[in-house]
Structures are given as structure tokens and as C-alpha cells.
Amino acid sequence: MRKLLFTLAVFMIFGGLLYAEVPKKEKKVLIDLFHTTNGSDWTKKWDIKTPVSQWYGVKVVDDHVVEINLFRNNLVGVIPQSIGKLKYLTHLNLAFNGLTGQFPNEVTKLEGLKVLKLEMNRIKGEIPENIGKMKSLEELSLFNNFLNGSIPQSIGDISGLKILNLSSNNLKGEIPSTIGNLTLLQSLGLFENTLDGTIPSELGNLVQLKELVLANNDLGGEVPKEFGQLASLEVLQIQNNKFNSVKSLEMMESKEFLVFDYDKEVEKIDFKNLNFSKTRMADTKFEDDNDK
């Protein structure tokens, strides 16, 4: 009898640990997200009566929410302001959904976040200037939204960033020279915006860069000779801009590239016929003028 009671006690202890509940304030944030994005119509729904650790796309470690991955799950609505309270969150992937509203400034409070993926939604507004506070970010993917304004200078403060994709938005202004501080960057996508000015020579500092896509903007001046320092580059696409000279590119060994596209001064390339499928970056955009 004593042995049976001991076994039951052990089972209850470990059973409780297995389904330990996250703090109420973290659970409330998840419920906020469920309600503000029409959770009843999600492809894979949450049963909010069950332990949070059993909810689809939610990862719990040491009784805290560390990951939310609701990629392509039919989220329609806005990201709740309370999202900034998930201070243990390291991964947030809400890509390929129907999210609308302004870019959630509260996300910048997630200073432990390593991955932020909001691509292929309909999010408006400007990228917050204080995004540089997100020092832990390694991947920031916001392509194919309706973001406007300029690229914040503070983005150069995210020193550990490896992937930065802001393509297919309505961003304007110059490319910040501070991006040259991101020496661990491997992929930089800024194509299909209305960026102007010259390409900062500081981009030559990105010696680990494998993919650079700046096509379909209003960039001008000369292509920096510092591009010759990008020894790791495999994909380069800068066509359909307004450069005065691309002489520095002609000195680069194009045979070493998987993709090497630019507007040659003698023979112009037709942007409409270019194939972006060779890159990892999407080039489709929501056709909904009402959301712009």
C-alpha cells in the first residue's frame, strides 16, 4: 500500500511538471492573439482549455513561451499590443497569413527575439526607429507587406543579424550606411521598393554576404567599387535601377555567381522577363490596392 501511494505521488509530481502551466500573463497574450486574429477560423486551431504546451505552434521551455510558429495558418486580423509581454520569446513566425494593421511597435520590446518572420501579410506603417533595440535578432523578414517610410538607421545596431529581407514594400529614401555594420549578414533583400540615392560604400564591409538583391528601385550614381570585397557573394541582382555606371561590376568574375544580373550599359535587361526563382526571396505581392 505504501509503495502504491509513493508511485501515485511520483506520477502526480511528474505529471504536473509535464503539463506545467505558463504564467497567466503569458497565457493571456496568447489568448489575445487568438482572438485578434480570428482564431476560430485558423487552419489549425487552439483548444484554450488544454495546457498551453499542447497548443499548435507554441513551444514552452521552463514554463515560459519561447516560440510561436503559426506560419500559413489563416490568421486574419492584427497582432495584439500585448505581444511585447512575452519576454522569453525567441522565435515569432506569423508569415504567410492575412495580418493587417500597423507594424506592431510593441514587438521591439522582445529584446531576446532571434527570429521575426512577418512576411507575406498586409501590414502597414513604418518600421519602428527603435528596432535597433532588438539586439538578439538573427533573422528579420518583413517582405511582401505594405510598409512605408524609410529604413531606420538603428537597424545597423543589430550586430548579430544574418538575414534581412525588407523587399516588396513601399519603403523609400536611402539605404542606411549603418547596414555596413552588420558584418555577419548573409542575405540582404531590399528589392521592389522605391529606395533612391546611391548604394553606400559601407556595404563592402559585408564580407559574409551570399545574397544581395536590390533590383527594382530608384537607386542611382555609381555602383561602389567596394562590391569587389564581397568575396562570399553568390547572388547579385541590382537591375532596373538608375545607375550612372556599373563599371565596377564588370571587373567581378560573374562565373563565380549563381545569379549575376544588372543593367549593362550597352544592352539593357528587361526586368519583366527576369526569373527570381533562383533566389530564396519571394517576388509576388498582394494585388489589393485598397490595402496600400
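Each reported figure results from applying straightforward, stated rules to the coordinates on display, with no laboratory input. The model shown is predicted, which means the values in this text are computed figures rather than measured ones. Here the Cβ positions follow ideal geometry from the backbone for every residue, glycine too, while neighbour counts run over all protein chains shown.
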Where trypsin sites (Lys or Arg not before Pro) fall in DSSP loop in region 125-178, at most 13 other Cβ within 10 Å: 135
Residues whose built amide H sits under 5 Å from the amide H of residue 102, excluding neighbours closer than 5 in sequence, are 124
Separation of the residue 61 and residue 218 label points, Cα + 7 Å toward Cβ, nm: 4.5 nm
If you filter region 199-252 for trypsin sites (Lys or Arg not before Pro), then keep DSSP loop positions with at most 12 other Cβ within 10 Å, what is left? none
Which residues' amide hydrogens lie under 5 Å from the amide hydrogen of residue 168, considering only partners 5 or more residues apart or on another chain, with H built in the peptide plane? 144, 191, 192, 193
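Longer than 18 Å from Cα to Cα, which of 25/87; 117/172; 28/87; 85/109; 162/242 are they? Say none if no pair is. Walk me through the intermediate numbers first.
Working: 25/87 11 Å; 117/172 21 Å; 28/87 13 Å; 85/109 8 Å; 162/242 28 Å.
Beyond 18 Å: 117/172; 162/242.
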Three-way shape call for region 172-212 based on the alpha-carbon gyration tensor, with the a/c threshold at 1.5: oblate
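Can you tell me the length gained on complete extension of the stretch residue 31 to residue 135, counting 0.36 nm per residue apart and subtracting the Cα distance? Mind dumping the intermediate values first?
Working: separation 104, 0.36 × 104 = 37.44 nm, distance 2.73 nm.
Stretched fully, the residue 31-residue 135 segment lengthens by 34.7 nm.
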Taking the simple approach of a point 7 Å from Cα along Cα-to-Cβ for both residue 242 and residue 105, what is their distance in nm? 3.2 nm
Sequence order, region 119-131: Karplus ³J(HN,Hα) from phi using 6.51 cos²θ - 1.76 cosθ + 1.60, θ = phi - 60°, Hz rounded, Gly and Pro as x, gives 5, 6, 10, 10, 7, 9, x, 9, 6, x, 4, 7, 4
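Starting from region 51-129, pick out the chymotrypsin sites (Phe, Trp or Tyr not before Pro) whose DSSP state is loop and whose Cβ has at most 16 other Cβ atoms within 10 Å. Intermediate results must be reported in sequence, preceding the final value.
Values: sites: 55, 56, 71, 88, 96; in loops: 55, 56, 71, 88, 96.
Loop-located and lightly packed - 56, 71.
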Which of rounded, prolate or oblate describes region 20-148 when judged by the alpha-carbon gyration tensor and an a/c cut-off of 1.5? oblate
Residues of region 79-103 with amide N under 20 Å of the 7 Å Cα→Cβ point at residue 45: 97-99
